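Here is the structure we will look at, set down as structure tokens.
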Amino acid sequence: MKSLNLKSKLLILCITGVFITGCQSGSGEIIEDSTTIDSVDQSQLDGFDVSIDSVDSALTALENSTNGSAIALDDQSMSESVQAMVDNPSSAISSRVIYFQFDSAKVSEDSLSILEAHGNFIASNGNVSVRLEGHSDERGSREYNIALADRRAQSVRRILLFEGASSNQLETVSYGEEQPTVSSHTEDSWSLNRRVELVYQVN
Amino acid sequence: MNRLSKVLILLPLLVLLFSPLNAALTIEITEGTEGALPIAVVPFDTSKLTFELSADIAQIVANDLNRSGVLTVLSRQSLPATPYYSQQVKYPLWRSAQQDYLVVGRVLEKSEGQYEIQFQLLDVLKKKQLIGYSLQTDKRKLRASAHEISDLIYQEITGIRGAFNTRIAYIRAQRNKGRKYILQVADTDGFNTQTVLESDEPLMSPSWSPDGESLAYVSFENRRPEIFIQHLSTAKRNKISGFKGINSAPSWSPDGKFLALVLSKDGGPDIYLMNIETKRLTRLTRHRGIDTEPVWSGNGQSIIFTSDRGGSPQIYEVAATGGKPRRITFEGRYNTAASVSPDGKFIALVYGEAGQYKIAQLERETGNLTLLTDSNLDESPSFSPNGKMVLYASTRGNNSVLYAVSVDGRGKHKLSDQTGDIREPVWGPYKLKQ
């Protein structure tokens, strides 16, 4: 699963010509050296070799992620395709952060539709689990904010359960104000920091 | 789990044994002390020593006394003379310099690295000695001895026990090169900084054991909040609470046997008491709202905590044996983070209004709320063990820094620092008499 993740990224990178040197084997090993791009010549491209298997499975995964339904093959390719869906930046579950009003754990209507997509996806993929990380802005006391951010994570959890996710797929944790996205002390930063992050894991 | 994987898991976390470092917070007096009593502290005689001392005793004492808000110390440049013994003092000289009190002293070498500090506190008006002491010390304890001298002087003049020779704990967060959270303790003047624990994940809510030997705190080292207790001199640490959900806000009971804490394992965050030895839990509150930040009343009979059960966060009190909580703050829509004065008569708290958060003091008997600070992002008030100062964190610019304000609002000073955010200060107890 992890290796396909790398491979599919690798494939995309190869197609766009960014990581030519990294594509010389099908093992999924990435050589992180983008400085070689300028020196790429045709002979290197001729030596370009990606194993057919990894291309195929990556393509399947990409295909699955566009039509949104996972095709049950064997267990491994199933989790591979789910992983691809999770990794796809344009999928229905690509929004992973839910924002909140000050001192509130109420999920906005806009966020509801986002969570509906997450709930459906989690419900139809039993091998997915999600960590709901609650956060607050810096105002007020730190311990109160731990409780407040926990309440936000619980709100999100309830909606996901309502949409069909099972409780053993969901874990909540509250960071309070300890891990802000933005550290400046403005209304704009605070609104970005009051959030629940959905962190996916494919088992 | 085998031993190796335990070791590997502990790697991102660095537990440190106490070893004195030179790194220090620096103190800056930010507000004048109107009405404070004038005192002069003459540099102590060190001329008979073989080596220069690593600490300027008189300067440490002068800084301590200045920070109290009760005394104002004459600057060194303005000293009219430099006597070392009471016999050398010409009182009219100090009277015309408008001083009420005068401190003189000297440091003698007993053997290598072993010293005797002698000092006298003189009353300029009455032209007589108030107290005179001789302290045995060694080169590693010079700063502590200086703070002890400050305590003796403060007590003689005010009748109140001094709290200079105590320690504070706080969390330092560093943002450069990835986030780092550091639990530290320091002397009350910000010097003698010692790191207790370093982690890549958040550390929060330090609480002193009543004997000053251990700290309880919250660590996210396992990617969720859990409560640990760590003995300072041995660095031995134990996870004491790792239930599902929130484990936070530990607070040590005055008798050292219980920890008040917040758990959400049975629903919303509620207050529990844990017997530290048996780990047995007693649930104190049961409400679907937020209950958090428990602290003990001075006599250990009740728990003061924050709850939003009434619609907005306010301070409540519940008997340590359980029962119905009683609301005790009524002014304003946001009152949190209580710290109880040692005599139980006052509660320092964070008072929020119109998006501003200030430190305020509630008088229990009258219910009067007095603002102690006038900035807009203040948090985590903590009383000194003599109840005369409140330590707190304040966000200024991009960083949070520590301040202490005297409870009469007369003196305020900043413990500033070069690196990172400093937050959640807690003032430790008096040191036990050896």
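Determine the relative contact order of the stretch B:203-332: mean sequence separation of Cα pairs under 8 Å and six or more apart, normalised by residue count, in whole percent. Intermediate results must be reported in sequence, preceding the final value.
Details: 331 pairs, mean separation 18.4, N = 130.
Taking the mean separation of contacting Cα pairs over the length of the stretch B:203-332, I get 14 percent.
At 222 nm, what value in deg cm²/dmol follows for chain B if DSSP H runs of at least 4 each add -39500 (n - 2.57) and the sum is divided by all its residues, to the nearest 500?
Estimated from H runs of four or more residues: -3000 deg cm²/dmol.
Going down the list B:K236/B:K257; B:K239/B:K265; B:K239/B:K324; B:K236/B:K279; B:K257/B:K279; B:K48/B:K128, which pairs span over 20 Å between their C-alpha atoms?
Distance filter (> 20 Å) returns B:K239/B:K324; B:K48/B:K128.
If amide hydrogens are placed 1.01 Å from N in the peptide plane, which non-local residues have theirs closer than 5 Å to the one on B:V89?
Residues meeting the amide H criterion: none.
Which of B:F220, B:N192, B:Q230 sits closest to the plus end of the dipole of the stretch B:160-293, meaning its Cα is farthest towards the positive end, when Lys and Arg get +1 and Asp and Glu get -1 on the C-beta?
Checked the options; the winner is B:F220.
So, how do all the Cα-to-Cα distances of the stretch B:315-406 break down into 10 Å bins, in percent, from 0 on up?
Once binned at 10 Å, the Cα pair distances of the stretch B:315-406 give 17, 48, 28, 6, 0.
Just B:I160, B:I57, B:I304 to compare: in a GNM of chain B, with alpha carbon springs under 10 Å, which one fluctuates most?
B:I160
Return the loop-located GluC sites (Glu not before Pro) in the stretch B:140-230 (DSSP other than H, G, I, E, B) with at most 16 other Cβ atoms within 10 Å of their own Cβ; answer none if there are none.
On the way: sites: B:E148, B:E156, B:E198, B:E213, B:E221, B:E226; in loops: B:E213, B:E221.
Filter output for the stretch B:140-230: B:E213.
Tell me which residues come under 5 Å, amide H to amide H, from B:L372 once H is placed; ignore anything under 5 positions away on its chain.
Amide H neighbours of B:L372: B:I359, B:A360, B:Q361.
Is the shape of chain B rounded, prolate or oblate, going by the alpha carbon gyration tensor and its root eigenvalues a ≥ b ≥ c, with a/c under 1.5 for rounded and a/b larger than b/c for prolate? Could the numbers behind the result be given before it?
Working: a/c = 2.17, a/b = 1.55, b/c = 1.40.
Verdict is prolate for chain B.
Could you work out the relative contact order of chain B? I mean the mean sequence separation of Cα pairs under 8 Å and 6+ apart, divided by the number of residues, in percent.
13 percent
Which of the lysines could be linked to B:K388 by a straight reach, that is with a Cα gap under 24 Å, when you skip same-chain ones fewer than 8 residues away?
Within the straight-line limit of under 24 Å, B:K388 reaches these lysines: B:K345, B:K358, B:K412, B:K414, B:K431, B:K433.
Enumerate the calculated ³J(HN,Hα) couplings along the stretch A:76-85 in order (Karplus 6.51 cos²θ - 1.76 cosθ + 1.60, θ = phi - 60°), each rounded to whole Hz, writing x wherever the residue is Gly or Pro.
My calculation for the stretch A:76-85 gives 5, 5, 5, 5, 5, 5, 5, 4, 4, 4 Hz in order.
Compare the Cα positions of B:L203, B:P43, B:I160 along the charge dipole of chain B (+1 at Cβ of Lys, Arg; -1 at Cβ of Asp, Glu; about the Cα centre) and return the one farthest towards the positive end.
It is B:L203.
Where nothing but the Cβ of Lys and Arg (+1) and of Asp and Glu (-1) is charged, how large is the charge dipole of chain B around its Cα centre, in debye to the nearest 20?
900 debye
Could you give me the ³J(HN,Hα) list for the stretch B:329-344, computed from phi with Karplus coefficients 6.51, -1.76, 1.60 and θ = phi - 60°, whole Hz, x at Gly and Pro?
Result, ordered by residue: 10, 10, 9, x, 9, 9, 10, 9, 6, 5, 10, 9, 5, x, 8, x Hz.
Counting only C-alpha contacts under 8 Å and six or more residues apart, can you give the relative contact order of the stretch B:34-158 as a whole percent?
Normalised by residue count, the contact order of the stretch B:34-158 is 27 percent.
Local charge sum around A:N145 (other residues, Cβ-Cβ under 9 Å, Lys/Arg +1, Asp/Glu -1)?
So the surrounding residues net to -3.
Return the long-range amide H neighbours of B:V124 (sequence gap of 5 or more, or a different chain), with a cut-off of under 5 Å between placed amide H atoms.
B:Y101, B:L102
Counting other Cβ atoms within 10 Å, keep those with at most 12, restrict to DSSP loop, and tell me which GluC sites (Glu not before Pro) in the stretch B:78-141 are left.
B:E112
Short version: ³J(HN,Hα) in whole Hz for each residue of the stretch B:43-53, in order, from phi by Karplus 6.51 cos²θ - 1.76 cosθ + 1.60 (θ = phi - 60°), x for Gly and Pro, what are they?
Values per residue, Gly and Pro as x: x, 6, 6, 10, 5, 8, 8, 6, 10, 5, 6 Hz.
Read-outs: derived from the displayed coordinates by stated rules, not from any lab. Bear in mind the structure is a predicted one, so any value in this text is a computation, not a measurement. In this analysis, Cβ positions are derived from the backbone assuming ideal geometry, glycine residues included, and neighbour counts consider all displayed protein chains.
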